[in-house]
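Chemist: Okay, handing you the structure first.
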Amino acid sequence: AKQIVVTESSYQKLKEELDYLKNGKRKEAAEKFGIAGSFGIFPEREYDEAKNEQAKIEAQISELEETISHAKVISDHEIQTDMVNVGISVTVY
């Protein structure tokens, strides 16, 4: 398994995004898809869009879960500043 090196703040952002997708976007997409399917009030195109949106969100969730599971969190003092590295801002002239 590949290891992904991230800073603590980046790790927290990944977890927040995952939480938002799981508890916000997933629920919205499921409701939209359910309404479109159960009541037949949306045209087929809208039903397909709702289905595709739901699949896209599930793919994003899987990708984030995979990233988080392979993340190695490093602290600020572990970041080497004498070369380009994770968590370093670089200015190119």
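Chemist: Want the number for Lys15 to Glu28: 0.36 nm per residue separation, take away the alpha-carbon distance, what's left?
Modeler: Gain on stretching Lys15 to Glu28: 2.8 nm.
Chemist: Based on the Cβ-Cβ distance from Val92 to Lys51, what FRET efficiency comes out when R0 is 35 Å, to the nearest 0.05?
Modeler: 0.20
Chemist: Compare Glu17, Glu44 by solvent-accessible area with a 1.4 Å probe and give them largest first, with all protein chains kept in place.
Modeler: These residues rank, largest area first, as Glu44, Glu17.
Chemist: Please work out how much accessible surface Asp19 shows to a 1.4 Å probe, ignoring ligands, DNA and RNA, in Å² rounded to 10.
Modeler: 90 Å²
The values are calculated or read from the model by the stated rules, or taken from the named source; none is laboratory data. No experiment lies behind these values; they were computed from the predicted model shown. Backbone-built Cβ (ideal geometry, glycine too); neighbour counts: all protein chains shown. These area figures cover heavy atoms from the full protein model, side chains too; ligands, DNA and RNA do not enter into them. Shrake-Rupley method; radii C 1.70, N 1.55, O 1.52, S 1.80 Å.
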